[in-house]
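First comes the structure, then the notes that go with it.
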Amino acid sequence: MLLYSLIIYLLTPVLVLRVFARSRREPDYRAGWWRRLAIRQETPTVEGGRRIWFHAVSVGEVLAVAPIVEQLIAQRDCALLVTTTTATGAREARRVFGARVDHAWAPIDAGLVVRRFLNHWRPELVALVETEVWPNIVTEAKGRAIPVLLVNARMSKRSARGYARFGCVFSRVFNVLDGVICHGRADARRLVALGVKPSAVAMVESVKFEIDIKSRRDKGAVIAEELAMPVDRPVVVAGSIHPEEQLTLLDAMDLVWPTLPTVLFVIAPRHLHSVKALTQALTDRGVDYVLRSQAESRISNATRVVVLDTFGELGSVYALALTAIIGGTLFDRGGHNPLEAIALGVPVIAGHSTFNFAHIYKELVEVGSCQLVANSASLAAAVMHHLVDTQNREQAASAGQHYFSARAGAARKQVELITSFVSAPTR
């Protein structure tokens, strides 16, 4: 642990410089950069009997923990703090929660920085989201008798191997976690192997099964109206697409159009700074596209692609699709959440890199609502199969919705477990 802390202190200037380097593409990284060192921190604004700190790194983690946070907000006896590491995560936290929670940059995991952070915010419980186990955050919190939980926990084979390489540090950290709430038995086994006490593990379905379907459908209808999207054109949404899989997707689209020329693709880049490269690639191929962000954009008969260059709308745009392609699966990234599409009755197509949600993808394939593909040709074939075979598509959609609805209620169960670790509020 001493060696780890020394390395973090030595790397702190590098980490700060990395923040400035990233701010060249995303200026939001520069805003309040000193707060990552717990200097001149924000004044807490949310009142409540108990402060719970949720650390959610980026967009995915913010959305994952949102149903839990919403239920805790509704209880009105908690002051909630949500920290993020990325600029996109910060924007998503502000978009989803507004002023109902305090938001701050997560502190760099150096002992002195973490101590200043804890002195300022004084949480009564620390809830780390998914895989965000930071040794000094855990150690400093436990030194103050603050319970530390890992919520909506997951542990892929790759992540487990990474933690195991530094077992001399992380085995002790995992061992002192007060609770680990996970939704996959394979995740639980890996976490126990890394040092988590078996008695600390609780099995609950993922809170990613908590989605407000009606509001997303309503917002999707508004977007369709704003873009004047023709009701007679089949729509395929490709969500959270990384630059590394862009070529595979574009090649597949070129294979689809000769057979189904009216198909409209909606492409949502994983990061907005990738929009320029995507639009250049579409221009180079002679593909007519519109940008969602341009209010004057309207879809014409010649339009073949809508580029979703706005923030926070992908979950609603899935409601417009007949089928969806899930990004992060077409190269070695591990895949993104397929449930936002599944919940809306949209069968999904994915590549074989699904280790971030391994058991969910496995079960979706088993029930017939997800099809795995290997390359551009098989991706194009899967898209055309979903669009042409209406009966098969509807069966896949129905199976996915049944799978989703059968697993609702996870947020309530996680909230009950979380609050059981917090002392009664002072009067």
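Tabulated results
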quantity: Checklist (1) surrounded by 15 or more Cβ atoms within 10 Å (Cβ to Cβ); (2) touching a residue at least 24 places away in the same chain (Cβ under 8 Å) applied to VAL201, failing item; calculated: (2)
quantity: Members of the stretch 139-169 found to be under 17 Å from VAL57 (Cα atoms) and in a helix (DSSP H, G or I), listed by number; calculated: SER159
quantity: Enumeration of residues in the stretch 275-292 that are farther than 23 Å from GLY89 by Cα and either aromatic (Phe, Trp, Tyr) or not in a helix (DSSP H, G or I) (or both); calculated: ARG285, GLY286, VAL287, ASP288, TYR289, VAL290
quantity: Filter result for ARG30 (surrounded by fewer than 19 Cβ atoms within 10 Å (Cβ to Cβ), of a type in the set (D, E, K, R), over 15 Å from the mean Cα position of the chain (by Cα) and not assigned by TED's automatic domain parsing to the domain that holds LEU314); calculated: yes
quantity: Looking only at the stretch 249-274, and only at residues there that are in contact with a Pro (Cβ under 8 Å, 6 or more places away or on another chain) and assigned to a loop (DSSP other than H, G, I, E, B), the one that is nearest to SER23 (Cα to Cα); calculated: VAL263
quantity: ILE211, sole failed condition from (1) in contact with a Pro (Cβ under 9 Å, 6 or more places away or on another chain); (2) surrounded by fewer than 19 Cβ atoms within 10 Å (Cβ to Cβ); (3) under 30 Å from VAL263 (Cα atoms); calculated: (2)
quantity: Among the residues listed as ARG40, ARG25, ARG35, ARG51, the single one being over 21 Å from VAL148 (Cα atoms) and not in a loop (DSSP other than H, G, I, E, B); calculated: ARG35
quantity: From the options ARG393, ARG333, residue that is in a loop (DSSP other than H, G, I, E, B) and either without any contact (Cβ under 8 Å) to a residue 60 or more places away in the chain or among the charged types (D, E, K, R) (or both); calculated: ARG333
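The values are calculated or read from the model by the stated rules, or taken from the named source; none is laboratory data. On a predicted model such as this, the values are computed, not experimentally measured, just so you know. Virtual Cβ from ideal backbone geometry, glycine too; neighbours counted across all protein chains shown.
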